[in-house]
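The values are calculated or read from the model by the stated rules, or taken from the named source; none is laboratory data. As the structure is a computational prediction, the values presented were derived from the model and not from experiment. Positions of Cβ are generated from backbone atoms using ideal geometry, with glycine treated the same way; all protein chains shown enter the neighbour counts.
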Amino acid sequence: MKQTKILLIPCDTEIAYEIIDSLKYHKYFKLECGCHERKKKYLYKDISFLPYEYDLGFYESLNKLIIEKEIDLILPANDNLAFELSKNSKKIRAKLVTQPWKVHEIVRFKDRTYSYFNDLIPCPDTYTISDINEKIFPIFVKPKKGQGSLNAFKISSDKELRLFLLNYDPEDFVIMEYLPNNEFTIDCFAHNGKLLYYLARKREKTFRGISIQTSAVTDKKLNSMFEQYAKIIAENLGMHGIFFFQMKLDKEENPKLLEVGARVPGSLSLNRAFGVNLIELSIYQALGLINERSVIYSALSPNEIDFTLFRPLGRVIKGYLNVENIYVDFDDTLLTPEGKLNLDVVRFIFHCKNQNKRIFLITKNKNNSLYKKLDEYGIKNVFDNIFHMSEEEKKTNYMIRTKSLLIDDSFVERKEAMEKGILAYSPGNVKLIEGCVQ
């Protein structure tokens, strides 16, 4: 199979990170990253820079990049870009992996979405300013065009309503009933309007509109309803590829539609835990390898297993450490205090080996089980050399003084190394600096 070159733009969104994680080890797909601002710092290197989609010269620059990099497909990674590229797809010399323009034209706007589906799917009650009185508080207002929770408010009184009207134009907002109960996202995949796959998940914790903790729905009644709604949305909009929709329970515990999304949802990775890589499938679809009769198999059934995705705020350091020699302590470093392999340290070791660094084990292990343990875990041959010294000796006597790094749980050992000009880190810090060893 010929390698497919894919332009991911912009590459600095939560959606982009999910796409990269989904494709980074795929031998047939090569990702090219694109973004807009040269002065910003980015998680990834080798980025191509383009003007913003609203700027003059954007499409000329985009097509020039497509030719230069031999791009086959474009994956837009935010709502605005997906909307604009879909609208102007005929100007682009590569194939877009996104929903058709007629879909974006409806779902990008909440009022159009509710108007379109009001007779097909339960939608929240909506109001005009003149409708509002004490009896219907609380209400909820959100921008007609927008994403996440930006400029979305719960309004519980006349005073709060007056404050809202002083600061915003109500014509730019949907004013709707407040839905107080659980919220759900339903991730979907369709082909020419036929639903091929769905996974419903409960949004348990959110941060700025992004779900940072979400669990697969195991309730069969809810799943049956969500599947039916997914089929209605797919068929009526002619969905093709990945889409999602969100529903929230009203005070009677009935689900009502919040929004439909014509892009990759940020927490799509929960589907990969069930064995379904929807990003990969969307590319196969764009290449003509999927049709209406295709069956998407899940390794596990959401009705049988309760998986939860946690997306805590990540901590990644980008920079450069000029090191060639990595020294790793054994007790409480390579092994945890419980006697198990420290997986962060092991990953760091193999990352450094990929970068052609030399790896040394340096230890004062006293119980004579060192080689037995190394054999037990199958890692003795990982090291370029093993320094097994007495308690009285100093590790720094065995270490090259330049371009070296020590990983050790002992504060004293790290202090002695740093006094000799050797970089030193505790085991808990290696995950942070992994990407800095190049």
query = Of (1) touching an Asp or Glu at 6+ places or on another chain (Cβ under 7 Å); (2) under 21 Å from ALA286 (Cβ atoms); (3) hydroxyl-bearing (Ser, Thr, Tyr); (4) not in a strand (DSSP E or B), TYR59 satisfies all except one. Which?
reply = (1)
inquiry  = Can you report the number of residues in the range 25-62 which are small (Gly, Ala, Ser) and within 16 Å of ASN78 (Cα to Cα)?
reply    = 1
ask   = Looking at ILE242, is it assigned to a helix (DSSP H, G or I) and assigned by TED's automatic domain parsing to the domain that holds GLY275?
value = no
key: Within the range 266-357, helices (runs of 4 or more DSSP H) holding 2 or more residues that are among the β-branched types (Val, Ile, Thr) and either at positive phi or assigned by TED's automatic domain parsing to the domain that holds VAL382 (or both)   = 343-354
ask   = Within the range 29-46, which residues are closer than 26 Å to MET1 by Cα and either part of a loop (DSSP other than H, G, I, E, B) or among the β-branched types (Val, Ile, Thr) (or both)?
value = ASP46
message = I'd like the full set of residues that are more than 21 Å from ILE422 (Cα to Cα) and in contact with a strand residue (DSSP E or B) (Cβ under 8 Å, 6 or more places away or on another chain), limited to the range 324-359.
response = LEU335, LEU341, ASN342
request  = Take the range 255-282 and flag every residue that is β-branched (Val, Ile, Thr) and either touching a strand residue (DSSP E or B) at 6+ places or on another chain (Cβ under 6 Å) or without any contact (Cβ under 8 Å) to a residue 24 or more places away in the chain (or both).
outcome  = VAL260, VAL264
task = Might you check whether a residue that is free of Cβ contacts under 8 Å to residues at least 60 places away in the same chain and within 25 Å of GLU53 (Cβ to Cβ) occurs anywhere in the range 102-110?
result = yes
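Regarding GLU292, is this residue over 22 Å from THR206 (Cβ atoms) and surrounded by fewer than 15 Cβ atoms within 10 Å (Cβ to Cβ)?
Answer is yes for this residue.
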